[in-house]
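Notes follow once the structure below has been shown.
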Amino acid sequence: MPETLFQKVWNRHVVKATDEATLLYIDLHLIHEVTSPQAFDGLRLARRKVRRPDLTIATVDHNVPTENQLDIREPMSRRQVETLRDNCKEFGLTLFDVHGGRQGIVHVIGPELGLTLPGTTIVCGDSHTSTHGAFGALAFGIGTSEVEHVLATQTLWQGRRPTSFGIEVRGKLAPGLEPKDIILAIIRQIGTGGATGTVVEYYGPAIEALSMEGRLTICNMSIEAGARAGLIAPDDTTIQYIATGNRPFAPQGAALEMAIADWRTLKTDDPSAFDRHVVLEADKIAPQVTWGTNPAMTVDVTGRVPEPDKVPFASSEDARRALDYMGLTPGTPITEIPVDVVFIGSCTNGRIEDLRTAAKVLRGRKVAESVRALIVPGSEQVRHQAEAEGLDAVFREAGAEWRESGCSMCLAMNPDKLTPKQRSASTSNRNFEGRQGPGGRTHLVSPAMAAAAAVAGHFVDVRPMLAQGN
Amino acid sequence: MEPFKTHRGKVAVLDWTDVNTDLIIPARYLKRVERVGYGPLLFADKRYVPGGAPEADDPDKHGPEAPDFPLNRPAAKGATVLVVRKNFGCGSSREHAVWAVAQAGFRAVIAPVKGEGFADIFEGNAYGNGLLPLELPEGEWEAIAEAGRSEQGAEVTIDLEALKLTLHSSSGEKTFAIEVPEAQRHRLLNGLDAIAETLLDEPAISAHEAKAPAWITPQPA
Ligand code: SF4
């Protein structure tokens with residue numbers, strides 16, 4: 001029987017299986033300040049230890065201010081951060097704290113540090129843990145009581161095994177198009193519930209052609225289609241990424257050789273092993289812009305705001321409510337929608353390649369006067385790399401704000417928030433009501449499209465801008 | 001979790017129906033980072049004099065107790081068994097509600113009529129936290145409630161091994177049979193929470209770890 005990559009990774013982590021449930025071993029547990037405090041308290045109450053401190057790595061990201069990371073003014077936020085520091089000290093865990101050089105969004109630092117490895121199981125009290133699947137790891141988000149369970153036992157009970165869903169992306173992305181456009185096009189095609197109960201595997205020539213950064217962007221948003229996790233089989237690109245660069249936790253020497261031999265076996269034997277399968281043609285994808293309040297409410301930049309009765313996966317009532325919240329009139333060309341704020345960052349698009357792309361658009365151009373543009377590196381490492389390449393100067397000269405690393409305006413737990421009715425072009429992953437601040441209106445786009453909107457003051461097709469150069 | 005074998009304690013009677021989780025613990029307390037310290041927050045907007053509810057960041061700082069709140073009656077002081085009416089714990093799924101009841105010192109909650117005493121989620125959360133939710137027939141519940149409402153109050157002994165409950169009051173002793181699902185009874189008797197149960201599989205977990213390849217453990221360089 002041919003097996004999928006997902007089945008292979010799942011099978012090698014089964015500690016025990018009963019009729020209804022499976023006990024899975026967890027190879028890596030990532031922690032941040034928001035979803036962990038009660039879990040640590042639970043351990044203390046029961047006088048338990050963390051079973052494997054060496055497999056448990058923490059950072060602070062959600063509450064951290066990006067203007068000056070050290071200055072957390074909101075008392076509740078400060079307390080969450082300080083609580084994590086205390087807990088890491090008490091339980092002997094490694095914490096990548098601010099201004100330590102390796103702090104960042106939990107899903108950005110895992111791969112950077114060489115923690116995220118093919119064939120492993122990775123959990124975190126955070127739904128975008130799916131990001132790490134880009135390495136062929138089985139990675140998913142968990143709740144606070146599960147965080148406690150993993151801390152104490154390094155295992156997790158799972159109900160029935162999810163089904164597998166192959167998403168094949170054929171062809172080649174056109175110039176000016178980005179991985180973000182692929183994943184938005186996928187969600188637009190299958191809907192926000194389209195992958196519920198499944199683990200998705202992305203494959204095909206357009207996926208294989210992507211860098212690790214691009215693959216991380218795609219797997220990151222698996223959760224936005226309802227998937228439990230998203231995976232991409234490891235290949236030379238994956239191995240190259242792990243074996244090079246400054247990755248202090250990655251295996252080295254003989255251990256790395258052994259690992260590589262194993263990783264070469266990690267692939268789906270035959271697409272017939274998938275329980276379900278869809279195909280997308282990359283060549284047909286245009287720059288994507290969300291117009292509504294979930295990531296499936298997406299159109300091409302050349303399109304128009306839809307009529308409420310012509311919205312796939314939404315009742316006309318839901319669509320009308322979304323239009324109303326977003327303050328949009330059906331029939332309006334997307335390129336006529338003005339933006340107030342541009343946010344480039346998050347665990348979806350806050351990596352070095354994303355910043356390089358944004359810089360390519362912004363070099364020698366100016367951010368429109370009506371626009372506030374925030375550029376927030378996903379980690380301190382990304383920030384230093386960008387500065388070494390002189391990207392920060394490009395952003396500053398264009399009139400954009402160059403910030404410190406954190407989740408920032410992705411979810412507005414820190415001071416970076418939209419005000420009511422402000423409209424953003426955002427490279428993050430959720431355009432839910434109020435996600436970027438109460439009453440804020442979010443349009444999800446790629447980094448290139450966000451940078452283009454910053455210059456134009458409204459959405460605009462980035463392709464001619466890139467073609468014409470500066 | 002502390003095992004629950006037999007427990008004897010005073011009862012406190014709260015004669016209200018459909019007590020929801022917002023009443024048990026108001027939403028503003030959910031921003032806290034702790035899992036302890038919820039005891040003083042139980043019924044925070046009812047049990048203190050007006051304006052006396054605790055601060056979210058300092059639950060121990062609160063005003064004097066409201067004398068007319070049933071749990072504050074002298075006979076109910078130090079009670080460890082809460083007697084409530086139907087559909088206790090309805091509303092949101094917040095586990096904080098169970099934390100508040102348990103951390104205020106209660107080990108069991110007794111409600112009338114099988115299948116109608118508790119909201120589902122509250123009942124599940126209660127078992128998960130070692131708080132025993134008991135449903136008794138109307139007449140037996142009333143006997144306990146009536147004794148508890150009296151001037152001197154009452155005590156009960158809950159024997160989870162023998163599945164019996166004995167009411168001790170000024171008019172003597174009465175014993176009733178109780179029902180508890182077997183799996184939950186097993187957990188409570190042995191003080192097993194989900195983690196403790198998983199740890200029974202310790203040999204299997206260690207065996208898995210022993211055969212894991214060396215490269216899989218992060219190697220800080
Ligand atoms: S960047 Fe956004 S989606 Fe990613 S971990 Fe932070 S808050 Fe969550």
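A compact table of results
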read-out	value
Condition met for residue A:50 (more than 11 Å from chain B (Cβ to nearest Cβ), hydrophobic (A, V, I, L, M, F, W, C), within 16 Å of the ligand (Cβ to nearest atom) and not in a helix (DSSP H, G or I))	no
Single residue of A:376, A:361, A:371 found to be within 16 Å of the ligand (Cβ to nearest atom), open to solvent by less than 40 Å² (accessible area, probe 1.4 Å) and at pLDDT 95 or above	A:376
In segment B:198-217, the residues that are within 7 Å of chain A (Cβ to nearest Cβ) and either part of a loop (DSSP other than H, G, I, E, B) or touching a residue at least 24 places away in the same chain (Cβ under 8 Å) (or both)	B:201, B:213, B:217
Elements of type helices (runs of 4 or more DSSP H) contained in segment A:138-223, each with 3 or more residues being more than 16 Å from the chain's Cα centre (by Cα)	A:144-153, A:179-190, A:205-208
Complete set of residues in segment A:428-446 that are within 14 Å of the ligand (Cβ to nearest atom) and not small (Gly, Ala, Ser)	A:429, A:430, A:431, A:432, A:435, A:436, A:442, A:444
Hits in segment B:140-182 - residues which are under 21 Å from residue B:71 (Cα atoms) and part of a strand (DSSP E or B)	B:155, B:156, B:157, B:158, B:167, B:168, B:169
Residue within segment B:92-105 that is of a type in the set (D, E, K, R) and closer than 22 Å to residue A:39 by Cα present	yes
Yes/no for residue A:268 being away from the ligand (no atom under 16 Å from the Cβ) and touching a Leu at 6+ places or on another chain (Cβ under 6 Å)	yes
Residue within segment B:30-37 that is touching a Gly at 6+ places or on another chain (Cβ under 9 Å), within 18 Å of residue B:11 (Cα to Cα), buried (at least 19 other Cβ atoms within 10 Å of the Cβ) and within 14 Å of chain A (Cβ to nearest Cβ) present	no
Test: residue in segment A:336-351 that is out of contact with any helix residue (DSSP H, G or I) (no Cβ under 8 Å at 6 or more places or on another chain) and of a type in the set (Val, Ile, Thr)	yes
Output for segment A:384-406, where each listed residue is open to solvent by 10 Å² or more (accessible area, probe 1.4 Å) and within 15 Å of the ligand (Cβ to nearest atom)	A:403, A:404
The one condition in (1) farther than 17 Å from residue A:219 by Cβ; (2) at pLDDT 90 or above; (3) not β-branched (Val, Ile, Thr) that residue A:140 fails to fulfil	(1)
Scope segment B:181-191; condition away from chain A (no Cβ under 11 Å) and either open to solvent by less than 40 Å² (accessible area, probe 1.4 Å) or at positive phi (or both); matching residues	B:185, B:188, B:189
Residue satisfying condition, being free of Cβ contacts under 8 Å to residues at least 12 places away in the same chain, under 20 Å from the mean Cα position of the chain (by Cα) and surrounded by 16 or more Cβ atoms within 10 Å (Cβ to Cβ), within set B:144, B:195, B:178	B:195
Qualifying residue in segment A:192-210 (condition: under 22 Å from residue A:450 (Cα atoms) and open to solvent by 10 Å² or more (accessible area, probe 1.4 Å))	yes
Single match in A:414, A:429 (criterion: closer than 21 Å to residue A:285 by Cβ, of a type outside the set (Lys, Arg) and in a loop (DSSP other than H, G, I, E, B))	A:429
Residue within segment A:245-259 that is more than 15 Å from the ligand (Cβ to nearest atom), more than 14 Å from chain B (Cβ to nearest Cβ), outside any helix (DSSP H, G or I) and open to solvent by 10 Å² or more (accessible area, probe 1.4 Å) present	no
Which listed residue is in contact with a Gly (Cβ under 7 Å, 6 or more places away or on another chain), under 28 Å from residue B:103 (Cβ atoms) and within 16 Å of the ligand (Cβ to nearest atom), from A:59, A:66, A:116, A:35	A:35
Breaking point among (1) away from the ligand (no atom under 14 Å from the Cβ); (2) more than 14 Å from chain B (Cβ to nearest Cβ); (3) farther than 19 Å from residue A:233 by Cα, for residue A:124	(1)
Options A:327, A:331; residue that is over 30 Å from residue A:62 (Cα atoms) and either open to solvent by 10 Å² or more (accessible area, probe 1.4 Å) or not small (Gly, Ala, Ser) (or both)	A:331
Some residue of segment A:80-98 being in a loop (DSSP other than H, G, I, E, B) and over 22 Å from residue A:381 (Cα atoms)	yes
Only one of A:213, A:201, A:224 that is in contact (Cβ under 8 Å) with a residue 60 or more places away in the chain and over 24 Å from residue A:378 (Cα atoms)	A:201
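For (1) among the acidic types (Asp, Glu); (2) assigned to a loop (DSSP other than H, G, I, E, B); (3) touching a residue at least 12 places away in the same chain (Cβ under 8 Å); (4) crowded, with 20+ Cβ neighbours inside 10 Å, each residue gets a yes or a no:
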site	(1), (2), (3), (4)
A:15	no, no, yes, yes
A:24	no, no, yes, yes
A:29	no, no, yes, yes
A:34	no, yes, yes, yes
A:39	no, no, yes, yes
A:42	no, no, yes, yes
A:54	yes, no, no, no
A:57	no, no, yes, yes
A:66	no, yes, yes, yes
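The values are calculated or read from the model by the stated rules, or taken from the named source; none is laboratory data. All values reported here derive from a predicted model rather than from experimental measurement. Cβ sites come from the backbone with ideal geometry, for glycine too, and all protein chains shown count toward neighbours. Surface accessibility is based on the protein's heavy atoms, side chains included, excluding ligands, DNA and RNA. Shrake-Rupley method; radii C 1.70, N 1.55, O 1.52, S 1.80 Å.
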